[in-house]
1. Does segment 210-227 include one or more residues that are at pLDDT below 90, closer than 17 Å to F377 by Cα and either open to solvent by 60 Å² or more (accessible area, probe 1.4 Å) or small (G, A, S) (or both)?
2. Consider T407 against the criteria (1) assigned to a loop (DSSP other than H, G, I, E, B); (2) touching a residue at least 12 places away in the same chain (Cβ under 8 Å); (3) open to solvent by 10 Å² or more (accessible area, probe 1.4 Å); (4) farther than 27 Å from S177 by Cβ: it satisfies all of them except one. Which criterion is unmet?
3. Which numbered condition trips up G245, out of (1) closer than 23 Å to L221 by Cβ; (2) within 33 Å of the chain's Cα centre (by Cα)?
4. Of all the helices (runs of 4 or more DSSP H) wholly in segment 449-537, which have at least 2 residues that are aromatic (F, W, Y)?
5. For segment 146-166: of the residues being crowded, with 20+ Cβ neighbours inside 10 Å and of a type in the set (G, A, S), which is nearest to the chain's Cα centre (by Cα)?
6. What residue, of A341, A405, is in contact with a helix residue (DSSP H, G or I) (Cβ under 9 Å, 6 or more places away or on another chain) and more than 22 Å from M116 (Cα to Cα)?
7. Which members of segment 281-302 meet the condition of being touching a Gly at 6+ places or on another chain (Cβ under 7 Å) and surrounded by fewer than 20 Cβ atoms within 10 Å (Cβ to Cβ)?
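The values are calculated or read from the model by the stated rules, or taken from the named source; none is laboratory data. Everything quoted here is computed from the prediction, not taken from an experiment. Please note: Cβ atoms are built from the backbone with ideal geometry, for glycine as well, and neighbour counts cover all protein chains shown. Just so you know, the surface numbers come from the protein's heavy atoms only, side chains and all, with ligands and any DNA or RNA stripped out. Shrake-Rupley method; radii C 1.70, N 1.55, O 1.52, S 1.80 Å.
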Amino acid sequence: MNTPSLALRALRFSVFTLLLTPLVNFDRLDFSYNTTKAFFFMGAVEVLLVGFLWLLVKEPEWRPRWNAVSIAFTSFFIVLVLATVLSVDPFVSFWGTAERTDGLLMWLHMGAAFFMFASLFRSQKDWNEVFSATCAVGLIVSALFFVHRINPAVLADSRGGSTFGNSTYLGAYLLFSLFFALVLARTSASSRVLRVFGWVSACVFSLTILMTSALAAKGALAIWVVLFGAFVLIAAKSRLLRRAGWVVLSLLAILFLVSGFSLFRADGFVRARFIELSSGARFAAWGVAWEAFLDRPLLGWGPENFSTAFFAHYNPCFGASPCGGEIWFDRAHSVPLDLLASGGVLLLAAYLALWLAAVRRVFRTRDTGLLFLAFLFAYQIHNLVQFEIFATYSSLILVFAYAAASTEAPSQVPPLRRRAPRIALAVLCTLLLPLALTHTLVRSWSDSQMIRVMEASAMEDRSEPYRQMLDGSPIGRDFRRVLLAGQTVEAYYGFDETVRESIKEPLREEIRIGIAALTQTVHRSPNNLRALSMLGLLYQIQSQDNDPSALAKAEEVLRVSLTLNPVNQQAYWPLAAVFVQKGDTARAYDLLDRAIAFSPSHPDSALKKLVAVKLSESHEAFLEETQKILAEHPEFEPRLRVLTDLGESRPDWLYKLFY
């Protein structure tokens, strides 16, 4: 066997940098548990890709090889590109959002990582080195989880999710880590150390999953154990054991079907238990996703555009019983429905084809087919009630790369005669590397720190970072604009008139540039309800401050919002605020009563009605309306207390409660 060259060994060692992604976190970034990892991963992939291309100039036998998995992955990516191009908002579909960073840009980097891993690591021994590293990282993540349980001050804001900031994401990540550990344990026959390390890691990951609050991951773990046991029995030589395996598998299938039927039956036990453990909002969100798919069945609404589909097919019961207290979703919380909504039937078909190709190839080329198959079923059942994000996609890429990895020795790969195209591609990517790093790492990193605005000691000091965040990196730009506009609102209403007068110029400048930025957002994404509402509020503040004509602009924007969202209470509330300011209480009350009629058990609609009464009527009328509402809905009392305990001074800040 030929000894790997120094260049190959150096590149393999460098690629292990990607495996450190779960450990990376910089808490000053927006959504730091996700964005830090995403920016780190993209920057590392870009540097490693240049090194990989130069390796292929010298040693073309390490180039990617085509097989069923790599073809299926490429097909999935092509569908993703089409869904992005034909998206309702291609800008967001390409760059991604701050919360998830799962746009086409990230998939370009994950695709590069897929082909690098599949090309550089071929034998089971090579992959056991990769899995050893992933297990080591997973053990650190698990250790930090237990440290947090002992001392909550460590990773205080992690919500039981260790370095992922969410227990659900941690559970999904550990399912992958458990798979890698079991593969390592079962295929390291020649190394007792690796075999023991694999089993120990598997035990730790299993224990950590059971200790988290990730219910879907716990269920998937139990299903995985039973499935794998059934598959082992079915593959046994004994007829009795094979029959026992089929019995277990049949019972599991029956249990799955009965549970599914009970889940979607209005009075089903499983449904009631599911709502108790999560909320009724999941069912409403699934309904929205299905309607969104039916609206655009072929290629969906585009990656990262579920929010747009959500508002277009909004269910008024969100925010109250029976749909739970949530009023906004950016995912359907079900991978099949997410795929249907974002990429239509073509993307779901490509995703399933990729998994089928991976299973088939693992059975043909590896000794871990049964383990892989059990993992596939368990993970997909987990995904029926959860969604995937970058934290899980990065592990998923490793699984697909493991399945796609060529088992050919480098000497068996046909040589390439023409060297010039490889050199040209390597040179081009080397020259483009600084530009790529500037946009995906440097700008994204520096422009995703809204904390710099919030920490400013004076209004003048936050002017520069405020502008930078509004117009900076395209990744998450719309979210930053909405949130920073909210900070301007807080600044305007948070000071008395004396202080406000002393900072009026920088404050007015923030309002002006906030309006300009949000106008750009709604021009590109007309049904961005959050941007429309915040734009209306900034215009309303401007009218209260120094430009009475801006109130007409607020009304125009909010009328558009209401036209686009006729069954969403959130579109009625801010327009009512405009009519309250104009003194047209009849129209304001009409809008608020219509919002209440959509979902009478929605406490926020009642709160807005009381705000309008408090601004427009006498204190006695306010108390009378309060008693009327509480007589019908006494459960609203804690929510309405903010108004009933409020004094009579400075009523202007109440306008922000409409938004």
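1. First pass over segment 210-227, keeping only residues at pLDDT below 90: none.
Within segment 210-227, not a single residue is at pLDDT below 90, closer than 17 Å to F377 by Cα and either open to solvent by 60 Å² or more (accessible area, probe 1.4 Å) or small (G, A, S) (or both).
2. Here T407 clears every test but (4).
3. Only one criterion in (1) closer than 23 Å to L221 by Cβ; (2) within 33 Å of the chain's Cα centre (by Cα) is unmet by G245, namely (2).
4. Once the helices (runs of 4 or more DSSP H) in segment 449-537 are filtered for at least 2 residues that are aromatic (F, W, Y), what remains is 477-494.
5. Among those that are crowded, with 20+ Cβ neighbours inside 10 Å and of a type in the set (G, A, S), it is G165.
6. Exactly one residue qualifies, and that residue is A341.
7. Listed by number, the residues that qualify are P297, L298.
This table checks each residue for (1) within 20 Å of L340 (Cβ to Cβ); (2) out of contact with any Asp or Glu (no Cβ under 9 Å at 6 or more places or on another chain); (3) modelled with pLDDT under 85.
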site: G260; (1), (2), (3): yes, yes, no
site: L263; (1), (2), (3): yes, yes, yes
site: A289; (1), (2), (3): yes, no, no
site: G300; (1), (2), (3): yes, yes, no
site: N305; (1), (2), (3): yes, no, no
site: F311; (1), (2), (3): yes, yes, no
site: G319; (1), (2), (3): no, no, yes
site: E326; (1), (2), (3): no, yes, yes
